[in-house]
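Data block below; observations after.
The values are calculated or read from the model by the stated rules, or taken from the named source; none is laboratory data. None of the values given here were measured: they were computed from a predicted structure. Neighbour counts run over all protein chains shown; Cβ positions are idealised from the backbone, glycine included.
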Amino acid sequence: MSKKLRFLLLLTDISFIVYWLVTYFHLIPPEYAYQDYTNELLVAWNWSFFPLDLLISLTGLLSLYHYRKSSALWRPLVLISLVLTSVSGLQAISFWVYKGDYDLTWWIPNLFLLIYPMFFIPRLVSRLSSYGNNGR
């Protein structure tokens, strides 16, 4: 696993945990929150990401743990984490497009989530498939 990927995983996984703690304790000032922050439907939509984001953090952090322990389990875990990360970003961006809300404060982090995994997924898939074909 490259240093860049390890850094991005840690950044993403810790950021998700911090975001949900900040959200739970209502620490984001309303003027920096997403549009219609007090709308119950949008609050429910936002919280619908909670299980997905925690699963991303769990698989990402577990992949780093297994990488440090030289366990081959890190590859499938990191692949799962990266795919779910991209899905999380895509879901948020799709919603904002559909809603017609183009606030860069929310777009930039979600575009990051959507795009950064795509730089690593092809190589991981290639290595996992060659790993399976070699019988190792």
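Restricting attention to region 18-34, the residues that are closer than 21 Å to Y116 by Cβ and loosely packed, with under 15 Cβ neighbours inside 10 Å add up to 1. Reported count of residues in region 98-109, each being assigned to a helix (DSSP H, G or I), free of Cβ contacts under 8 Å to residues at least 40 places away in the same chain and under 15 Å from L42 (Cβ atoms), is 1. Taking first residues from region 53-72 that are in contact (Cβ under 8 Å) with a residue 24 or more places away in the chain and under 18 Å from T85 (Cα atoms) and partners that are surrounded by fewer than 17 Cβ atoms within 10 Å (Cβ to Cβ) and of a type in the set (A, V, I, L, M), the Cβ contacts under 6 Å between residues at least 6 apart in sequence or on separate chains come to S57/I17. Scanning region 111-127 for residues that are under 17 Å from S63 (Cβ atoms) and surrounded by 15 or more Cβ atoms within 10 Å (Cβ to Cβ) yields L113, Y116, P117, F120, I121, L124.
Has region 72-83 got any residue that is of a type in the set (A, V, I, L, M, F, W, C), under 23 Å from Y32 (Cα atoms), out of contact with any Lys or Arg (no Cβ under 9 Å at 6 or more places or on another chain) and at pLDDT 95 or above?
no
Looking at region 35-67, which of the residues that are closer than 21 Å to V18 by Cβ and surrounded by fewer than 14 Cβ atoms within 10 Å (Cβ to Cβ) is farthest from the chain's Cα centre (by Cα)? Ranking the qualifying residues of region 35-67, first place goes to Y65.
Being among the aliphatic types (A, V, I, L, M) and farther than 30 Å from L79 by Cβ is the filter here, so list the residues in region 10-42 that pass it.
If the condition is that a residue be among the aliphatic types (A, V, I, L, M) and farther than 30 Å from L79 by Cβ, then L27, I28, A33, L41, L42 are the ones that fit.
Listed by first and then second residue, the pairs with beta-carbon distance under 6 Å, at least 6 apart or on different chains, first residue in region 19-44 and assigned to a loop (DSSP other than H, G, I, E, B), second among the aromatic types (F, W, Y) and surrounded by 15 or more Cβ atoms within 10 Å (Cβ to Cβ), are Y34/W106. Just one of the listed residues (S70, S94) is surrounded by fewer than 14 Cβ atoms within 10 Å (Cβ to Cβ), small (G, A, S) and assigned to a helix (DSSP H, G or I), and it is S94.
Looking at I80, I108 in this structure, which one is among the aliphatic types (A, V, I, L, M) and surrounded by 14 or more Cβ atoms within 10 Å (Cβ to Cβ)? Answer to the selection: I80.
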